[in-house]
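Only one structure is covered here, and it is reproduced in the block below.
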Amino acid sequence: MSQMSRQISMLKINGLDLEVERRGSGSPLLILTNEEGLELDSPLLDRLAESHELIIPSAPGFGHSSRPEWISSPDDISYLYLDLLDHLAIKNLPVIGFSLGGWLALEMATKSHEIFSKLLLVDSYGVKTGGVTDRDFQDVWTLHPTKVAALKWHDLDKSKRDFANMTDDQLAIVARNIESFARFCWEPYLHNPKLRQRLNRIQAPTLIVWGQNDGIATPAYGKSLAALIKGARFETIASAGHFPHLEQPEVFLALAHSFLG
Amino acid sequence: MFAWHFTEMPYPYLPPLDSLSTMRVSLPNSHYDPKIGADLYNRYLDEYVIASELGLNMLLNEHHQTATCLDVAAPLSAAIVARQTTKGRICILGNPVANRNDPIRIAEEMAMIDNISRGRLDVGYVRGVPYEIFAANTNPTQTVEKLWEGIDLTVMAWTSQEPFNFEGRFTHRRLVNLWPRPYQTPHPAIWITGSSDLESIKKAAGRGYVFATFLQPYDKVKAMFDAYRSNYHDRGLPGGGGMAYMPLVYTAETEAEAEAGAKELTWYLAAKAEPQYRNPPGYVPVSFNVNALRGTYSGRTDAMRAQSIEFLKEQGVMVYGTPDSVAKQIKRFYDFVGGFDHLLMMQQAGSLDHARTVKSMTLFAKEVYPQIKDLPRSQPLNNKAAAE
């Protein structure tokens with residue numbers, strides 16, 4: 001669990017209630033969590049918060065953020081996040097996006113040259129590079145849940161979550177996150193067909209980090225994504241699956257600190 | 001009381017079921033032999049024709065990518081039955097309007113069958129069971145909204161006599177202009193299914209639609225029917241609304257024979273599906289999934305799985321026995337739930353063969369149906385009574 005004080009507020013952004021956490025102090029750093037919100041209670045964010053003020057929004061339908069009908073894709077969410085940063089009067093900040101959060105960071109970066117100083121993407125979704133019968137991303141909704149967990153995690157023990165000891169509110173957030181992930185990413189599956197042709201607009205220095213054992217989106221996919229972004233650097237982390245920052249936090253932090261400076 | 005014959009048109013010639021992880025969605029079609037399938041299609045359609053001759057109505061449905069149901073296009077089977085019979089009503093229960101992405105095509109198909117059958121068609125709509133999400137690739141988080149938008153659009157298409165445009169959330173059409181119009185006025189009776197969502201039941205009742213539910217225990221059915229009754233409005237639709245219930249039904253000359261038949265019907269309840277197919281994300285509300293995470297909810301049909309036929313009979317999920325016993329069980333169910341209008345009978349499932357299926361259907365039609373036919377139509381708890 002997080003040891004640092006967490007300031008969580010509900011902000012009214014373009015008519016919807018967005019849950020936004022501020023944590024730590026220093027230069028601002030936007031954190032876009034994965035679809036399960038697993039970073040929120042991990043020690044990783046506390047470590048990053050030692051040198052940055054983290055800005056951590058929950059996407060519509062995730063956490064306690066509301067989910068109006070008109071939000072139907074990561075493309076929509078990215079405009080909302082741009083509105084959020086306008087509201088906070090912050091720009092030219094670095095971002096770390098994990099998995100779905102990586103996709104959101106890509107969407108934002110293609111829409112504004114001024115918003116990000118640096119992009120750090122971790123096992124990101126968002127772009128389809130393969131053909132019509134290729135699975136760029138293994139299908140987390142048609143595979144047996146035990147198979148999905150095995151593809152996602154290098155060390156299955158780290159995947160375990162203690163649902164029995166969660167409160168109703170915590171469980172409702174887990175359930176909302178699962179539901180909203182499907183709402184936005186069901187079809188097209190985990191990508192925006194327009195995004196690939198928009199990647200040329202990204203100007204910020206970009207580092208793409210990938211778990212060497214990610215079975216959901218393989219390192220080969222990550223490499224092909226990196227190749228589509230001008231000047232992007234690609235790094236892998238050994239003994240880690242789809243969430244390398246959670247399985248190997250020290251290795252990840254070293255990469256992150258050296259990239260963010 | 002109206003009685004309906006029903007089969008899902010199963011393909012039961014599979015390897016031992018305990019060797020399969022799923023019968024739905026991803027069971028490879030290498031298990032399907034078209035020569036056997038051709039025989040099955042013709043046999044099941046023959047049974048619908050026999051049902052018509054016996055004075056029963058005909059209920060059809062569709063599913064996809066599953067050995068439990070070869071009827072993948074209920075409008076096709078309903079059209080065949082419409083042309084091959086001259087009496088008895090035909091109901092598709094239902095059109096998966098949330099999964100088909102083309103409500104206007106559904107409106108056209110239904111209007112065409114209504115014309116061919118000279119007004120014998122009832123049009124059911126279903127949201128679709130969870131497994132269907134995958135075959136149709138429908139976003140599972142918005143099927144209810146999509147269902148209702150689709151129903152509204154088909155009704156507009158049937159009743160509008162001028163071209164109109166429609167730009168909804170899920171369907172956009174620049175010029176809707178249905179040829180043919182339905183045979184019945186203002187349009188065929190509409191049915192809708194449900195299994196717990198009382199808000200949807202109230203909505204259906206308020207519009208004068210028939211509400212149908214399947215394979216549920218008495219007390220749950222009563223709660224749903226009470227919700228329907230207390231919200232019913234007569235909208236002047238053909239048939240006048242009402243409630244429908246489907247158990248598995250097997251009628252035989254002896255109790256022993258009935259038990260044997262009933263056991264074969266449980267093949268349907270035993271149909272397996274992997275867990276990810278049973279509860280796609282957002283198909284049920286967050287509160288259900290909180291219970292799922294706690295391990296106290298695993299999908300809607302699981303409660304009935306692996307129960308004994310005696311238990312299922314006690315709950316009203318199965319009805320089987322000699323004709324007098326079957327009539328008694330139906331009357332008991334009728335009394336317990338406060339009355340209903342349509343008995344939907346799954347009289348064939350699994351490998352129950354043609355001869356035994358027809359024997360059960362015939363015994364029901366000749367010896368049971370006369371005993372329950374005159375059970376009064378269900379009464380709305382308020383508002384004016386449903387038109388007969």
Among the candidates A:Leu207, A:Leu225, single out the residue that is more than 14 Å from chain B (Cβ to nearest Cβ) and part of a strand (DSSP E or B).
A:Leu207
Quickly run through segment B:247-268 and pick out the residues that are closer than 23 Å to B:Met23 by Cα and either in contact with a Ser or Thr (Cβ under 8 Å, 6 or more places away or on another chain) or acidic (Asp, Glu) (or both).
B:Leu248, B:Val249, B:Gly261, B:Glu264, B:Trp267, B:Tyr268
Any idea which of (1) touching a helix residue (DSSP H, G or I) at 6+ places or on another chain (Cβ under 7 Å); (2) surrounded by fewer than 16 Cβ atoms within 10 Å (Cβ to Cβ); (3) more than 10 Å from every other protein chain (Cβ to nearest Cβ); (4) under 22 Å from B:Thr141 (Cα atoms) is the one A:Asn192 doesn't satisfy?
(2)
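Taking the options A:Ala220, A:Ala149, A:Ala172, A:Ala182, name whichever one is closer than 20 Å to A:Ala105 by Cα and not charged (D, E, K, R). If you could, list the steps in order and put the result at the bottom.
Numbers: A:Ala220 fails: closer than 20 Å to A:Ala105 by Cα; A:Ala149 fails: closer than 20 Å to A:Ala105 by Cα; A:Ala172 fails: closer than 20 Å to A:Ala105 by Cα.
None of the others qualify; the one that does is A:Ala182.
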Qualifying positions in segment A:21-61 - over 27 Å from A:Tyr189 (Cα atoms) and among the β-branched types (Val, Ile, Thr):
A:Ile55
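Please count how many residues of segment A:169-218 are polar (S, T, N, Q) and in contact with a strand residue (DSSP E or B) (Cβ under 8 Å, 6 or more places away or on another chain).
The initial filter retains those residues of segment A:169-218 that are polar (S, T, N, Q), namely A:170, A:177, A:180, A:192, A:197, A:200, A:203, A:206, A:212-213, A:218.
Next cut, in contact with a strand residue (DSSP E or B) (Cβ under 8 Å, 6 or more places away or on another chain) only: A:192, A:206, A:212.
Of the residues in that region, 3 qualify.
For residues in segment A:182-204 being in a loop (DSSP other than H, G, I, E, B) and within 17 Å of the chain's Cα centre (by Cα), which is nearest to B:Gly295 (Cα to Cα)?
Filtering segment A:182-204 for residues that are in a loop (DSSP other than H, G, I, E, B) and within 17 Å of the chain's Cα centre (by Cα), the one nearest to B:Gly295 (Cα to Cα) comes out as A:Trp186.
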Being in contact with a Gly (Cβ under 6 Å, 6 or more places away or on another chain) and within 14 Å of chain A (Cβ to nearest Cβ) is the requirement here; does B:Asn57 meet it?
no
For a quick check of your reading of the model, give me the residue pairs whose first member lies in segment B:274-301 and is modelled with pLDDT under 90, whose second is not acidic (Asp, Glu), with beta-carbon atoms closer than 6 Å and at least 6 apart or on different chains.
B:Tyr297/B:Phe288; B:Tyr297/B:Asn291; B:Gly299/B:Arg278; B:Gly299/B:Asn279; B:Arg300/B:Ser195
Output for segment A:52-78, where each listed residue is touching an Asp or Glu at 6+ places or on another chain (Cβ under 9 Å) and part of a strand (DSSP E or B):
A:Leu54, A:Ile55, A:Ile56, A:Pro57
Number of the condition not met by A:Ser124 [criteria: (1) within 14 Å of another protein chain (Cβ to nearest Cβ); (2) hydroxyl-bearing (Ser, Thr, Tyr); (3) touching a residue at least 24 places away in the same chain (Cβ under 8 Å)]:
(1)
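If you go through segment B:13-56 one residue at a time, how many are of a type outside the set (D, E, K, R), more than 30 Å from B:Leu343 (Cβ to Cβ) and part of a helix (DSSP H, G or I)?
Of all residues in segment B:13-56, those of a type outside the set (D, E, K, R) come to B:13-17, B:19-23, B:25-32, B:34, B:36-38, B:40-42, B:44-45, B:48-52, B:54-56.
If we keep only those that are more than 30 Å from B:Leu343 (Cβ to Cβ) too, we end up with B:15-16, B:19-22, B:25-32, B:34, B:36, B:38.
The next check asks that each one be part of a helix (DSSP H, G or I); those that pass are B:19, B:29-31, B:34, B:36, B:38.
Qualifying residue count, segment B:13-56: 7.
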Is there any pair linking a residue in segment A:153-181 that is part of a loop (DSSP other than H, G, I, E, B) to one that is of a type in the set (Phe, Trp, Tyr) and buried (at least 17 other Cβ atoms within 10 Å of the Cβ), with Cβ under 9 Å and at least six apart or on different chains, and which?
A:Trp153/A:Phe243
Top-ranked residue of segment A:158-177 - restricted to ones that are modelled with pLDDT under 95 and within 22 Å of the chain's Cα centre (by Cα), ranked as farthest from the other protein chains (Cβ to nearest Cβ)
A:Lys158
Inspect segment A:70-82 for any residue being closer than 21 Å to A:Ser25 by Cβ and either surrounded by 23 or more Cβ atoms within 10 Å (Cβ to Cβ) or without any contact (Cβ under 8 Å) to a residue 60 or more places away in the chain (or both) and give the result as yes or no.
no
Might you let me know whether segment B:257-273 holds any residue that is in contact (Cβ under 8 Å) with a residue 60 or more places away in the chain, within 14 Å of another protein chain (Cβ to nearest Cβ) and crowded, with 19+ Cβ neighbours inside 10 Å?
yes
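Every residue, every condition in (1) part of a loop (DSSP other than H, G, I, E, B); (2) modelled with pLDDT of 95 or more; (3) under 17 Å from the mean Cα position of the chain (by Cα); (4) away from every other protein chain (no Cβ under 14 Å), yes or no:
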| residue | (1), (2), (3), (4) |
| --- | --- |
| B:Lys87 | yes, yes, no, yes |
| B:Val129 | yes, no, yes, yes |
| B:Ile151 | no, yes, yes, yes |
| B:Thr185 | yes, yes, no, yes |
May I ask you to verify whether A:Phe184 is touching a Ser or Thr at 6+ places or on another chain (Cβ under 6 Å) and either within 10 Å of chain B (Cβ to nearest Cβ) or on the phi > 0 side of the Ramachandran plot (or both)?
yes
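Might you check whether a residue that is free of Cβ contacts under 8 Å to residues at least 40 places away in the same chain, more than 30 Å from B:Gln379 (Cβ to Cβ), surrounded by fewer than 19 Cβ atoms within 10 Å (Cβ to Cβ) and under 19 Å from the mean Cα position of the chain (by Cα) occurs anywhere in segment B:8-27? Can you show your working first?
As a first pass, look at segment B:8-27 and keep what is free of Cβ contacts under 8 Å to residues at least 40 places away in the same chain: B:15-16, B:18-19.
Next cut, more than 30 Å from B:Gln379 (Cβ to Cβ) only: B:15-16, B:18-19.
When the remaining residues are screened for being surrounded by fewer than 19 Cβ atoms within 10 Å (Cβ to Cβ), the result is B:15-16, B:18-19.
Narrowing further to those that are under 19 Å from the mean Cα position of the chain (by Cα): none.
Within segment B:8-27, not a single residue is free of Cβ contacts under 8 Å to residues at least 40 places away in the same chain, more than 30 Å from B:Gln379 (Cβ to Cβ), surrounded by fewer than 19 Cβ atoms within 10 Å (Cβ to Cβ) and under 19 Å from the mean Cα position of the chain (by Cα).
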Would you mention how many residues in segment B:240-270 are within 17 Å of the chain's Cα centre (by Cα) and not hydroxyl-bearing (Ser, Thr, Tyr)?
10
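Scan segment B:131-149 residue by residue and report those that are within 14 Å of another protein chain (Cβ to nearest Cβ) and either under 17 Å from the mean Cα position of the chain (by Cα) or hydrophobic (A, V, I, L, M, F, W, C) (or both).
Within segment B:131-149, B:Tyr131, B:Glu132, B:Ile133, B:Phe134, B:Ala135, B:Ala136, B:Val144, B:Trp148 qualify.
The values are calculated or read from the model by the stated rules, or taken from the named source; none is laboratory data. Predicted, not measured: the structure shown is a model, and the values here were computed from it. We place every Cβ from the backbone using ideal geometry, glycine too, and count neighbours over all the protein chains shown.
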